[in-house]
Amino acid sequence: MLGIAMGSSEAAGFVDRNGHILGWLSELAFAPVDYSPSAPVDEWSGSAGCGSQYFSQQCVFRLAPKAGIAIPQEVTDAEKLKFVQALLESDHAGARQIWQTMGIYLGYGLAHYAEFYDADHVLVLGRCTSGKGGEILLQQARLVLGTDFPDLAARLDIRLPDEKSRRIGQSIAAASLPIIPTAA
């Protein structure tokens, strides 16, 4: 199972078929998903085309001007996201285009991740999936997979948790990790 949290950045985790969290990093925020020379650069890592720019609020902020949305700049990033999400909930066409575009990115991103992770299940959560946004993301991702990657679409079960878990799912996952005794 691959879990992707789309929040202030992208967070991810992978559990193998035996239910084990692997002993190597599966953090995908700074892994490339766009190899274009004009891909956006992550301000924190300095990496171009990484997942954090496509599967997070950073993507919402980057796409907003292209969708005709002027986001207030004097507020926090969380408030900026809530502003655009409120537009989405009121059926603003530009806001809908943002989440449709992110869903297309997610579909291609999942196909790319499938080259490295043998997943049958994907759990998508995080603040960007709240409200109407989550369903739009999944609808578009499934469309991309069904059209361009039908074999992957047939085996990949993409799910969205309930509304409350979408926002705090990453915290729940972290809190449920077992304590592993260390050798003395």
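Derivation of every value follows stated rules applied to the coordinates shown; laboratory data play no part. These figures come from a predicted structure and were not determined experimentally. Ideal geometry is used to build each Cβ from the backbone, glycine not excepted, and the neighbour counts take in all protein chains shown.
Of all DSSP beta bridges in the chain, what percent run antiparallel (nearest 5)?
If we restrict to bridges inside the chain, about 55 percent are antiparallel.
In nm, to one decimal, how far is the modelled label at Arg17 from the one at Ser90, with both set 7 Å along Cα→Cβ?
5.0
For Asp120, project a label point 7 Å along Cα to C-beta. Then give me every residue of segment 135-169 with its amide nitrogen under 12 Å of that point.
155-157
May I ask you to compute the full-extension gain from Glu135 to Lys82, defined as 0.36 nm times their residue separation minus their alpha-carbon distance, rounded to one decimal in nm?
Extra length available between Glu135 and Lys82 comes to 17.4 nm.
Toward the positive end of the charge dipole of segment 2-175, about the Cα centre and with charges on Cβ (Lys, Arg +1; Asp, Glu -1), which of Pro37, Gln139, Leu110 goes farthest?
Toward the positive end, the furthest listed residue is Gln139.
Between the helical axis of 93-113 and the dominant principal axis of the chain, each derived from Cα atoms, what acute angle in degrees is found, rounded to the nearest 10?
30
Starting from the eigenvalues of the Cα gyration tensor, five times each then square-rooted, give me the equivalent ellipsoid semi-axes of the chain, largest first, whole Å.
That gives 27, 19, 17 Å for the three semi-axes.
So if R0 is 25 Å, what FRET efficiency would Ser36 and Ser165 give, r being the distance between their Cβ atoms, rounded to the nearest 0.05?
Efficiency, from the Cβ-Cβ distance: 0.15.
Counting other beta carbons within 10 Å of each Cβ, put Glu10, Glu43 in order, fewest first.
Least crowded to most crowded, the residues run Glu43, Glu10.
Rank these for me by crowding, Trp44, Trp99, going from fewest to most other beta carbons within 10 Å.
Trp44, Trp99
Compute the length gained on full extension between Arg62 and Trp44: take 0.36 nm times their separation in residues and subtract their Cα-Cα distance, giving the result in nm to one decimal.
4.9 nm
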